[in-house]
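Working notes, beginning with the structure itself.
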Amino acid sequence: MTDLDERIRRAVQASDNPDPDLLPSEQNIWQMMIGVYRGKNRWLNILAIVYTFVFTGLAVWTAISFFDAETTKGMLGWGFGFTFCVLAVGNLKMWLWMQMDKNAVLREMKRLELQVALLAQRGGGG
């Protein structure tokens, strides 16, 4: 059970009006970035950032080699390598941003769960 789940459970059990500090707060960009490296898929996200650095280094190397190439065929090869590396870095970054967005959506869903549980506890079903 995560810390957020535990805070929601305590808030529902506490009273009809939970302490506002128990509700999950809005996170800034740095907290969202750190949050990607927590949880079940931590290892996969760490692997993605390692590959991002690897492909960035390869992109620099292929760009330098592109300008050192003496033939058109060599320039095409290094150019395609550079393009592949830049696309790989872009896709890995996009994937990490989607993970941050997924975490934000889950946090909002848990906030709604808490509000629905409090409403049901009060007997205001409708």
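Structural remarks
- Of all residues in the stretch 85-120 being in contact (Cβ under 8 Å) with a residue 60 or more places away in the chain and under 13 Å from the mean Cα position of the chain (by Cα), the one that is surrounded by the most Cβ atoms within 10 Å (Cβ to Cβ): Q99
This table checks each residue for (1) touching a helix residue (DSSP H, G or I) at 6+ places or on another chain (Cβ under 6 Å); (2) of a type outside the set (V, I, T).
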residue	(1), (2)
N45	yes, yes
V50	no, no
F53	no, yes
A59	yes, yes
G77	no, yes
F82	yes, yes
L87	no, yes
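- Test: W43 is at pLDDT below 95, over 30 Å from V116 (Cβ atoms) and not small (G, A, S): yes
- Residues located in the stretch 72-126, provided they are closer than 29 Å to F53 by Cα and among the β-branched types (V, I, T): T72, T83, V86, V89, V105
- Residue list for the stretch 58-72, restricted to those being exposed (fewer than 14 other Cβ atoms within 10 Å of the Cβ) and either under 26 Å from the mean Cα position of the chain (by Cα) or among the charged types (D, E, K, R) (or both): V60, D68, E70
- Among the residues of the stretch 47-57, the ones that are surrounded by 12 or more Cβ atoms within 10 Å (Cβ to Cβ) and either among the aliphatic types (A, V, I, L, M) or farther than 30 Å from N103 by Cα (or both) come to 4 in all.
- Some residue of the stretch 73-84 being crowded, with 16+ Cβ neighbours inside 10 Å, in a helix (DSSP H, G or I) and of a type in the set (S, T, Y): no
- Residue that is nearest to A120 (Cα to Cα), among those in the stretch 11-40 that are assigned to a helix (DSSP H, G or I), out of contact with any helix residue (DSSP H, G or I) (no Cβ under 6 Å at 6 or more places or on another chain) and at pLDDT below 75: Q13
The values are calculated or read from the model by the stated rules, or taken from the named source; none is laboratory data. In this text, all values refer to a predicted model and were calculated from it rather than measured experimentally. No Cβ is skipped: glycine too gets one built from the backbone with ideal geometry, and neighbour counts run over all protein chains shown.
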